[in-house]
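The values are calculated or read from the model by the stated rules, or taken from the named source; none is laboratory data. No experiment lies behind these values; they were computed from the predicted model shown. Cβ coordinates were reconstructed from backbone atoms using ideal geometry, including for glycine residues, and neighbour counts include every protein chain displayed.
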Amino acid sequence: MNHFNYRDNELYCEDVPLATIAREVGTPVYVYSRATLARHYLVFDQALSSLDHLICFSVKANSNLAVLRLLGNLGAGADIVSGGELYRVLRAGGDVRKIVFSGVGKTASEMREALRAGILIFNVESRDELVLLDRVAGEEGVRAPVAFRVNPDVDAETHPYISTGLKENKFGIPMAAAHEHYRFARTLSNIDIVGVDCHIGSQLTKTSPFADAIVRLNQLIQGLADDGFSIRYLDIGGGLGIPYGKEDEPEPPTPADYGQTVSAALAPLADLHLTVICEPGRVIAGNAGALVTRVLYRKSSEAKHFTVVDAAFNDLMRPALYGSFHPIRPVVHRDDRPVHVTDVVGPICESGDFLARDRELPEMESGELACVGAAGAYGFAMASNYNTRPRPAEVLVDGDRYAVVRRRETVEQLVDSESIPDFL
């Protein structure tokens, strides 16, 4: 469910016409619905109500300060993968005791910042990382709370770029070596072993991979408990998929389906009284956001028809990077529009700059507005300045009002940190 709907043939976000935002803020512009963000978080939270749990929103999905503040106010923690994301969460007023630090390449300075902040857990991905974390924690005079990220070798059946739980992926440590790593960690004086972590991928459209991963973890966790480890947290990652509106796509499980699957898979560990940590991102933010763009030109070649818009793959990278599908519709609906097959492309000087290929769409004229849906996750967060293009503005809608929560960049800002040396 989302709050982007037509009223009298005009597309609204909640109670604000998208055309009003485009006119007053300009295009391209990302628009987020507060009501959708809140509803998705609360539905996901309710789905896990039978478990002692903590939801840590995946900051990489959407790191806008206003989004982080909104979710933090609802009770969410944060899953971070960089020192920059730690800074954002703290700047947004997030609860430091609800932050988990994931990622395969943490630096010593990032570890130090997180230790000083007092985060909940470091999800450690290698022995080398553990040794460095032990040294940094010793220098800081603290003990670092640690969970090993264990790779269960489960096929998430998703795009290979966002699959993270197979043995050939760069993430985590092999299941067979996990117990040995925990025993080694116990010999380090500045490490506090508190949990087990697992993440198998993103945009999952079945619950069975989650169940398979948890079942494979059960034996490890029980063995660790028998070996005297006090495991308090099980982080099962995120990855629940969302509908993108493609006709032949599988229907993703609901949060309720996910909650039932997770609860059943964890039943053998009930006596350990674990707190389950989840790291949803896309399922909360994806359909809560859209990218509004304006049609610049229409053109045809011998083989193709093109609709050229002012948004490009520097603004929304997913179609070019993953071949992903995003629904596109005119901001003003008309029944008399002819439907044609077109490529929706941007101004960037790359053939890979497209938002849609061979898409059946209502014909849109120059100057019209189009809405690219399901863009609230990994949309602006992955945007770049390629071709010296300032990144879009971001807007948060609340009922009949809206606020610009990130101003559009200027070309002056893009070159402000550059300089020309005296010898030129």
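All but one of (1) farther than 18 Å from Leu11 by Cβ; (2) modelled with pLDDT of 95 or more hold for Glu350, so report the exception by its number.
(2)
Conditions first: (1) modelled with pLDDT of 95 or more; (2) under 23 Å from Val215 (Cα atoms). Ala108 passes all but one, so which condition is the exception?
(2)
Condition test on Val262, is it in contact with a strand residue (DSSP E or B) (Cβ under 6 Å, 6 or more places away or on another chain), within 14 Å of Ile55 (Cβ to Cβ), of a type in the set (A, V, I, L, M, F, W, C) and crowded, with 19+ Cβ neighbours inside 10 Å?
In short, no.
If you check Val332, Val339, which single one turns out to be touching a residue at least 12 places away in the same chain (Cβ under 8 Å), surrounded by 15 or more Cβ atoms within 10 Å (Cβ to Cβ) and in contact with a strand residue (DSSP E or B) (Cβ under 9 Å, 6 or more places away or on another chain)?
Answer to the check: Val332.
Scan region 243-257 for residues that are farther than 18 Å from Ala61 by Cβ and part of a helix (DSSP H, G or I) and jot them down.
Correct list: Ala256, Asp257.
The rows are residues; the columns are (1) farther than 25 Å from Gly84 by Cα; (2) assigned to a loop (DSSP other than H, G, I, E, B).
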site: Asp335; (1), (2): yes, yes
site: Val344; (1), (2): yes, no
site: Cys349; (1), (2): yes, yes
site: Pro390; (1), (2): no, yes
site: Val405; (1), (2): no, no
site: Phe423; (1), (2): yes, yes
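Within region 351-387, track down each residue that is assigned to a strand (DSSP E or B), without any contact (Cβ under 8 Å) to a residue 60 or more places away in the chain and more than 29 Å from Gly238 (Cα to Cα).
Arg357, Asp358, Arg359, Glu360, Leu361, Pro362
For region 258-292, give me each residue that is in contact with an Asp or Glu (Cβ under 8 Å, 6 or more places away or on another chain) and in a loop (DSSP other than H, G, I, E, B).
Hits for region 258-292 are His273, Leu274, Glu279, Gly281.
With a cut-off of at least 1 residues that are without any contact (Cβ under 8 Å) to a residue 40 or more places away in the chain and in contact with a Phe, Trp or Tyr (Cβ under 6 Å, 6 or more places away or on another chain), name the strands (runs of 3 or more DSSP E) lying wholly within region 19-133.
Qualifying strands (runs of 3 or more DSSP E): 77-80, 99-101, 121-124.
Those residues that are surrounded by 15 or more Cβ atoms within 10 Å (Cβ to Cβ), charged (D, E, K, R) and assigned to a loop (DSSP other than H, G, I, E, B), I need them from region 293-329; list them, please.
Answer for region 293-329, where residues must be surrounded by 15 or more Cβ atoms within 10 Å (Cβ to Cβ), charged (D, E, K, R) and assigned to a loop (DSSP other than H, G, I, E, B): Asp310, Asp315.
Scan region 190-233 residue by residue and report those that are outside any strand (DSSP E or B), aliphatic (A, V, I, L, M) and modelled with pLDDT of 90 or more.
Answer for region 190-233, where residues must be outside any strand (DSSP E or B), aliphatic (A, V, I, L, M) and modelled with pLDDT of 90 or more: Leu217, Leu220, Ile221, Leu224, Ala225, Ile231.
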